[in-house]
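Worksheet for the structure shown next.
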Amino acid sequence: MSDTLRNTLLFALVFGLIIVSGFFQGWNNAMFILNMGLISAIMSLGVNLQWGFAGLFNVGVMGFVALGGLAAVLIGMPATPGAFGAGGWGVIGALVLGVATILAAVLAYRGMSPGRARSLAIMAILIFGFFVFRGLLDPSVEAIEAVNPAATGYLGGLNPGTDETYRDNGWIMLIAWPVGGLFAAGAAWLIGKAALGLRSDYLAIATLGIAEIIIAMLKNEDWLTRGVKNVVGIPRPVPYELDLQNSAAFVDRAASLGFDPVEGSTIFVKILYALLFAAVLLIIFWLSHRALHSPWGRMLRAIRDNEVAAEAMGKDVTKRHLQVFILGSAVCGIAGAMMTTLDSQLTPGTYQPLRFTFLIWVMVIVGGSGNNLGAILGGFLIWFLWVQVEPIGLFLMDIITAGMAEDSPLKAHLIESAAQMRLMTMGLIMILVLRFSPRGLIPEK
Amino acid sequence: MEFLNAIVALANYVLIPGIAYGSQLALGALGVTLVYGILRFSNFAHGDTMAFGTMIVILLTWALQSTGFNLGPLPTALVALPLGILGCILLVLLTDRLVYRFYREQKAKPVILVIVSMGVMFVMNGIVRFIIGPDDQSFADGERFIISARDFKTLTGLEEGLGIRTTQLITVVTAIVVVALLFWFLNKTRAGKSMRAYSDNEDLALLSGINPERVVMITWIIVAALATIAGTLYGLDKSFKPFTYFQLLLPIFASAVVGGIGNPLGAIAGGFVIAFSEVTITYAWKKVLGYLMPESLEPSGLVQLMSTDYKFAVSFVILLIVLLFKPTGLFKGQSTT
């Protein structure tokens with residue numbers, strides 16, 4: 001069987017599964033799986049760029065995805081009236097001061113000769129800078145958070161509309177997506193600068209840490225993200241279901257196709273989303289496909305396969321690693337912004353590493369690391385399984401416990417725990433694939 | 001008087017919690033560092049190994065409690081601990097047999113083993129959540145305080161109270177005993193010496209006739225014991241929740257790396273460095289400073305450097321600083337490049 005045929009069959013199988021789920025669980029549900037599958041595929045393309053191309057081990061995917069979500073808020077939401085005046089300049093000033101402090105410390109580190117004097121000078125700069133930074137930041141933050149705390153209490157975003165009209169500017173979300181990529185790229189640059197020269201395990205630990213810090217910031221810096229109070233009602237680049245249901249033309253069209261207007265409108269909106277997401281996926285896929293087969297991609301793979309030899313040939317390993325690390329993280333950031341757009345809310349509490357870092361890794365490993373098509377296939381397949389394992393687990397538990405007495409505590413426990421089957425199944429899939437088919441479903445050529 | 005009050009407040013809110021947390025981190029980091037030294041990979045499943053061992057201890061504790069058994073002032077969990085360790089050893093050895101051994105024989109790159117350990121982490125996390133559920137579980141019983149803040153106040157007549165929880169004392173005592181045993185084992189016994197030899201230079205150790213599979217097995221047994229003890233102590237002192245144990249991975253890794261990964265002494269030092277940095281940076285110093293400073297200079301704010309939610313950030317920043325300036329850690333660990 002030729003590779004093309006095999007790959008086509010694999011993709012047909014996955015989309016077949018989604019279509020079958022549409023027949024059994026409703027089309028709305030199937031479209032949800034498809035949309036999140038598209039976003040997952042983009043995330044796994046990003047991780048594949050880092051791991052598959054360059055052998056970089058990034059376990060901070062969650063942080064980059066969350067930064068994308070932050071971009072969706074900062075671009076999509078309208079500015080809170082009065083908030084910027086209350087403390088906006090103070091916050092900006094404090095942040096500038098913070099950066100200046102770090103720069104001063106770096107300059108002192110570079111400029112002075114090593115010794116106790118240098119250590120003391122750096123300590124003094126950092127401690128003094130920190131207190132001035134907090135002295136300026138804290139009152140401004142308080143002022144911002146005091147502005148209508150129940151509804152806003154944060155700076156808001158760049159949407160030109162007001163509270164009533166901002167939803168009309170849904171197109172602005174299309175700008176938020178690349179901005180999410182930029183945010184993630186910035187964070188990746190910082191972390192890459194610090195950790196890329198070290199052994200791969202350390203990059204893993206460093207990225208694990210930065211993801212946790214980003215989430216902690218999203219949860220606690222209320223002036224920026226409203227924290228755990230969540231930002232809801234982020235505008236969307238597609239029409240709203242209610243507007244569609246109120247439009248006579250749409251209702252007639254739906255009726256002529258045999259759809260109930262409510263169901264028809266939800267599915268129509270999801271189809272529009274799917275088209276947008278698919279377009280982004282295709283662009284990123286095309287770009288990474290070209291990158292993989294360019295001299296740059298070949299150089300990356302050469303570095304991955306034998307770093308010492310590549311270095312001896314005059315390749316700048318650290319620089320290439322930094323490049324590809326930034327690019328891969330940016331792709332994750334774009335996907336994160338898209339996901340927040342689809343949910344139309346930012347809920348920092350829901351970002352969990354098991355879901356947004358390790359699951360993406362399962363996608364890349366199962367799909368086939370080093371192969372872009374494989375990463376996409378893995379994204380769809382593993383996302384489909386992630387959604388379906390729970391009902392399947394429940395179904396299995398129902399069968400296993402069928403013979404038990406109705407009031408048996410074991411039965412109740414087994415059925416209640418079925419929801420926890422997900423993690424175990426994903427872990428088993430990952431271990432089995434790594435053991436018996438380490439190159440994944442669509443191996444690298 | 002003011003000065004004494006300041007010291008008591010400091011002990012109550014910073015020193016005692018810091019020492020207890022540091023001991024727990026040190027035990028966790030010892031496990032990570034041993035795996036790194038002998039098996040040469042960062043074990044992402046360590047937090048969940050801790051959770052698994054603790055879960056067995058909890059289930060046995062509940063069973064003992066339901067029979068009416070208790071240790072009086074001490075927590076019942078101490079009786080269940082040895083069996084918990086045994087259960088954890090079985091799981092870990094089974095994992096090694098089914099999963100890790102294959103890659104060892106293949107001489108796979110360390111990073112592959114790290115990814116495999118991610119898979120193991122998923123499975124262990126799933127098992128724990130499947131059996132005991134994702135929620136908080138309480139299993140501490142016995143006396144809560146050795147001395148409560150109120151008793152301390154009436155005893156000394158000071159304004160500040162000092163409370164020492166039983167679990168904090170047990171944590172520290174157990175940690176000292178365990179660490180002493182471990183170092184005795186590593187330095188004095190034949191098996192321990194062969195482990196160190198294997199960690200220092202694998203080829204040389206193989207040449208001198210050390211059986212690698214045996215070294216690996218002993219390592220896993222020790223790691224499982226350390227993980228169960230660390231997890232149980234943490235659970236008794238704070239609370240048991242599977243997700244919290246997964247999150248402990250970051251401070252534990254940070255401790256191991258800060259101390260110098262692969263170096264047991266470093267792991268202990270790293271544990272305390274991380275614990276005290278977390279506690280001091282997220283502690284509101286207003287009270288202590290209030291006692292020490294003249295009234296006119298007393299701070300008006302909380303004098304808290306960072307909110308407690310940023311404790312991960314603290315461990316991470318220290319980790320980064322150490323990696324940047326001293327890539328082998330405070331004590332000389334294995335190379336990081």
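The values are calculated or read from the model by the stated rules, or taken from the named source; none is laboratory data. Bear in mind that the values here come from a model prediction, so they are computed numbers and not experimental data. Positions of Cβ are generated from backbone atoms using ideal geometry, with glycine treated the same way; all protein chains shown enter the neighbour counts. The accessibility values were calculated without ligands, DNA or RNA, using every heavy atom of the protein model including side chains. Shrake-Rupley method; radii C 1.70, N 1.55, O 1.52, S 1.80 Å.
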Subject >> Acute angle (nearest 10 degrees) that the helix B:110-132 long axis makes with the longest principal axis of chain B, alpha-carbon atoms >> reply: 60
Subject >> Projected-area mean, the protein assembly as shown, by convex hull of Cα positions, square nanometres >> reply: 40.3
Original post:
Under a point spin-label approximation (7 Å from Cα along Cα-to-Cβ), what is the A:T8-A:S437 distance to one decimal in nm?
Top reply: 2.0
Original post:
Measuring from centroid to centroid over Cα atoms, what is the spacing of the stretch A:153-169 and the stretch B:198-223 in Å?
Top reply: 63
Original post:
Anyone know which of B:G53, B:G161, B:G37 comes out most mobile in the 10 Å Cα GNM of chain B?
Top reply: B:G161
**OP:** Write down the accessible area per residue of the stretch B:201-337 in Å², having rolled a 1.4 Å probe over the full set of protein chains.
**Re:** 40
Original post:
Cα centroids of the stretch A:173-223 and the stretch B:131-153: how far apart, whole angstrom?
Top reply: 37
**OP:** Rounded to the nearest Å, what's the spacing between the alpha carbon centres of the stretch B:5-26 and the stretch A:288-362? Just the number, please.
**Re:** 42
Original post:
Which percentage, to the nearest 5, of the DSSP beta bridges contained in the protein assembly as shown is antiparallel?
Top reply: 90
Original post:
Which angle from 0 to 90°, rounded to the nearest 10, does the C-alpha axis of helix B:77-95 make with the longest principal axis of chain B?
Top reply: 30
Subject >> Debye log10 I(q)/I(0) at q = 0.16, 0.17, 0.29, 0.32 Å⁻¹ for the stretch A:309-359, Cα point scatterers >> reply: -0.63, -0.67, -1.11, -1.15
**OP:** With a 1.4 Å probe and every protein chain kept in, tell me what percent of the accessible surface of the protein assembly as shown is carbon plus sulfur.
**Re:** 68
**OP:** Mind checking the per residue accessible area of chain A for me, 1.4 Å probe, whole number of Å²?
**Re:** 44
**OP:** Could you state, as a whole-number percent, how many of the C-alpha pairs of chain A are farther apart than 40 Å?
**Re:** 28
Subject >> Helix-only CD estimate at 222 nm, as mean residue ellipticity for the protein assembly as shown, using -39500 (n - 2.57) per DSSP H run (n ≥ 4) >> reply: -23500 deg cm²/dmol
Original post:
Along the principal axes of its C-alpha atoms, what lengths does the stretch A:1-159 span, in descending order and rounded to whole Å?
Top reply: 70, 48, 20
Subject >> Kirkwood hydrodynamic radius of the stretch A:123-239, from inverse mean 1/r over distinct Cα pairs, in Å >> reply: 17.2
Original post:
DSSP H helices in chain A with Cα extent of 20 Å or more along the helix axis and mean Kyte-Doolittle hydropathy at least 0.5?
Top reply: A:3-25, A:27-48, A:61-76, A:89-111, A:116-146, A:172-195, A:200-220, A:261-292, A:317-343, A:372-400, A:421-436
Original post:
Pick from B:A227, B:A80, B:A29: which residue has the top mean-square fluctuation in a GNM of chain B where Cα pairs under 10 Å get a spring?
Top reply: B:A80
**OP:** With springs only between Cα atoms under 10 Å apart, run a GNM on chain B and tell me which of B:T228, B:T280, B:T156 wobbles the most.
**Re:** B:T156
Original post:
In Å, what is the Rg of the alpha-carbon atoms in the stretch B:1-144, and how long is Dmax?
Top reply: 19.2, 67
Subject >> Along each principal axis, Cα extent of the stretch A:351-445, largest first, Å >> reply: 55, 30, 18
Original post:
Per the Kirkwood formula on distinct C-alpha pairs, the Rh of chain B is how many angstrom?
Top reply: 21.1
Original post:
Remind me, relative contact order of the stretch A:118-261 in percent, using alpha carbon pairs under 8 angstrom and six or more residues apart?
Top reply: 24
Original post:
What angle do you read, to the nearest 10 degrees and between 0 and 90, between the alpha-carbon axis of helix B:249-259 and the longest principal axis of chain B?
Top reply: 80
**OP:** Please state, as a whole number in µm²/s, the translational diffusion coefficient that the Stokes-Einstein equation yields for the stretch A:97-187 at 4 °C and 1.567 mPa s, with Rh defined as the Kirkwood radius across alpha carbon pairs.
**Re:** 76
**OP:** Give the shape of the stretch B:71-204 as rounded, prolate or oblate, defined through the alpha-carbon gyration tensor: a ≥ b ≥ c are the square roots of its eigenvalues, a/c under 1.5 means rounded, and otherwise the shape is prolate if a/b is larger than b/c and oblate if not.
**Re:** prolate
**OP:** Note down the nm distance, to one decimal, between modelled labels 7 Å out along Cα→Cβ at A:H413 and at B:L71.
**Re:** 2.4
Original post:
When the accessible area of each residue in the stretch A:319-363 is compared between its chain alone and the complete protein assembly (1.4 Å probe; ligands, DNA and RNA ignored), which residues differ by at least 50 Å², being lower in the assembly?
Top reply: A:L354, A:F358
